[in-house]
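Structure first, then comments.
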Amino acid sequence: MLDKSYIGKTYPRFVFEVEKGRIRQFADAIGDPDPIYRDVAVARAAGYRTVPAPPTFAFVAVMDSDQMFMPLRELGVDMTRTLHGEQWFDYGAPIYAGDLLSGETRIVDIYDKKGGALEFIVLETALTNQTGERAATMRGIVVVRN
Amino acid sequence: MSALPAFAAIQVGDRLPPLTKAAVSRVQLALYAGASGDHNPIHLDDERAKAVKLPGVIAHGMLTMAFLGQLVASWVPLTQVRSLGGRFAAMVRPGDVVACTGTVAAKTSAAGENRLTIDITAETAAGEKAVIGQAVVAVR
C-alpha cells in the first residue's frame with residue numbers, strides 16, 4: 001500500500017521554458033496541422049501575441065520537469081504499472097513560445113479501490129508565467145495497477 | 001478555423017465540427033514521447049508493456065486528449081478555452097483511428113463572460129470511448 005503520509009506533500013518549484021520549436025514538435029507529434037503553432041506571422045495574424053501552445057501542451061511542463069514520475073518514484077511505484085486515469089486543465093493566461101513558466105506540484109490525495117488492487121494518486125501542478133499571471137492549474141489522477 | 005457562431009445563436013445540443021485523426025502509429029507514440037517528455041516504456045516497448053499484462057504498447061492518454069484539444073481549438077481561439085479535461089476510459093493502440101466529437105451541454109455566464117460547457121469524447125473505430133471529458137469555452 002502507498003504511504004498516505006505523502007498526501008499534502010509539495011515539491012520544490014520548477015521552471016519550464018516554452019521553446020517555439022517544442023510547440024512545433026508537439027503539434028507535429030499530435031498531427032495538428034494548424035500553422036499558428038509553426039509560424040509567428042500566421043499566429044499574429046490570428047490575433048495571438050506570438051506562437052501559442054496547444055491546449056494540452058501545459059502538461060509537457062509537468063512531464064518534462066519529472067513532476068509525475070518523480071513523486072511516483074518516491075512512493076516506490078514502478079511507472080510501467082501505472083495508467084493515466086484523468087487529467088484536467090484549468091486555464092489562466094495563454095501560454096506562448098518564449099514564456100518562462102514556474103510550477104509547483106502537490107500530492108493532493110492517495111486512495112485505493114478493490115481492496116488495494118488499484119491505488120490512485122492525485123497530483124496537482126500550478127503554473128505561473130514570467131509576469132506572475134496564473135497560466136494553468138492541472139489536476140491528474142495516476143492509477144497504480146498492483 | 002471554421003466560423004464560430006455568436007453565443008445567442010448557439011443551442012444546447014449543437015455539435016462541434018467532428019475531427020477524425022489518422023490511425024495512431026508506433027512512430028507517433030515515439031514522437032509524442034519525445035515531444036511531451038513522457039518516456040514511459042509502456043508506450044514504446046512491447047515487451048515491457050506485455051510484462052505488466054498490457055496487450056502491447058498503448059498510446060499515451062495525453063496523446064488522445066491532445067486530439068480533443070485540437071477539436072476544441074479548431075472551433076474557438078485558444079485564448080477562449082477556459083478548461084479542458086477528461087477521464088481515460090479505454091486504451092488506444094497502434095492502428096486505432098480516433099474520432100473526436102463535441103456537443104454543447106450548457107450555456108452559462110461566469111466571470112463576466114458567456115461560456116459554453118462542451119461534452120467532448122474521443123472514440124475508437126471499435127466504438128470504445130477512450131476519453132470522456134468536458135471543456136469550457138468563452139464565446140462572445
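The values are calculated or read from the model by the stated rules, or taken from the named source; none is laboratory data. Since the model is a prediction, treat every value here as computed from it, not as a measurement. Here the Cβ is made from the backbone with ideal geometry for all residues, glycine too, and neighbour counts use every protein chain on show.
Can you pull out the residues in segment A:83-98 that are more than 8 Å from chain B (Cβ to nearest Cβ), touching a strand residue (DSSP E or B) at 6+ places or on another chain (Cβ under 6 Å) and crowded, with 20+ Cβ neighbours inside 10 Å?
Within segment A:83-98, just A:ILE95 meets the criteria.
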Residue tally, condition more than 8 Å from chain A (Cβ to nearest Cβ) and without any contact (Cβ under 8 Å) to a residue 24 or more places away in the chain, over segment B:25-52: 9
Elements of type helices (runs of 4 or more DSSP H) contained in segment B:1-89, each with 3 or more residues being out of contact with any strand residue (DSSP E or B) (no Cβ under 9 Å at 6 or more places or on another chain) and within 24 Å of A:GLN25 (Cα to Cα): B:26-36
Single residue of segment A:62-112 satisfying the filter (touching an Asp or Glu at 6+ places or on another chain (Cβ under 8 Å) and charged (D, E, K, R)) that is nearest to B:ALA90 (Cα to Cα): A:ASP112
Of all residues making up segment B:84-136, the number that are over 29 Å from B:LEU29 (Cβ atoms) and either within 12 Å of another protein chain (Cβ to nearest Cβ) or among the aliphatic types (A, V, I, L, M) (or both): 7
Condition broken by A:TYR37, with the remaining ones in (1) buried (at least 22 other Cβ atoms within 10 Å of the Cβ); (2) out of contact with any Asp or Glu (no Cβ under 9 Å at 6 or more places or on another chain); (3) hydroxyl-bearing (Ser, Thr, Tyr) satisfied: (2)
Among residues of segment A:23-53, those that are without any contact (Cβ under 8 Å) to a residue 40 or more places away in the chain, assigned to a helix (DSSP H, G or I) and under 20 Å from the mean Cα position of the chain (by Cα), counted: 8
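So which residues in segment B:67-83 are within 9 Å of another protein chain (Cβ to nearest Cβ) and touching a residue at least 24 places away in the same chain (Cβ under 8 Å)?
B:PHE67, B:LEU68, B:GLN70, B:VAL72, B:SER74, B:PRO77, B:VAL81, B:ARG82, B:SER83
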Lone unmet requirement of (1) in contact with a Phe, Trp or Tyr (Cβ under 9 Å, 6 or more places away or on another chain); (2) part of a helix (DSSP H, G or I); (3) more than 8 Å from chain B (Cβ to nearest Cβ) for A:THR56: (3)
Checking A:ALA61 against (1) away from chain B (no Cβ under 12 Å); (2) under 14 Å from the mean Cα position of the chain (by Cα); (3) of a type in the set (A, V, I, L, M), the condition it does not meet: (1)
Enumeration of residues in segment A:5-44 that are over 21 Å from A:GLU104 (Cβ atoms) and more than 12 Å from chain B (Cβ to nearest Cβ): A:LYS20, A:ARG38, A:ASP39, A:VAL40, A:ALA41, A:ARG44
Answer residue from segment A:48-82, given it is farther than 18 Å from A:LYS20 by Cβ and among the small types (Gly, Ala, Ser) and is surrounded by the most Cβ atoms within 10 Å (Cβ to Cβ) among those: A:SER65
Residue list for segment B:100-131, filter: within 13 Å of B:THR64 (Cβ to Cβ), buried (at least 17 other Cβ atoms within 10 Å of the Cβ) and of a type outside the set (Ser, Thr, Tyr): B:CYS100, B:ILE120, B:ALA122, B:GLU123, B:ALA130, B:VAL131
A:MET1, sole failed condition from (1) at pLDDT 95 or above; (2) farther than 30 Å from B:LEU4 by Cβ: (1)
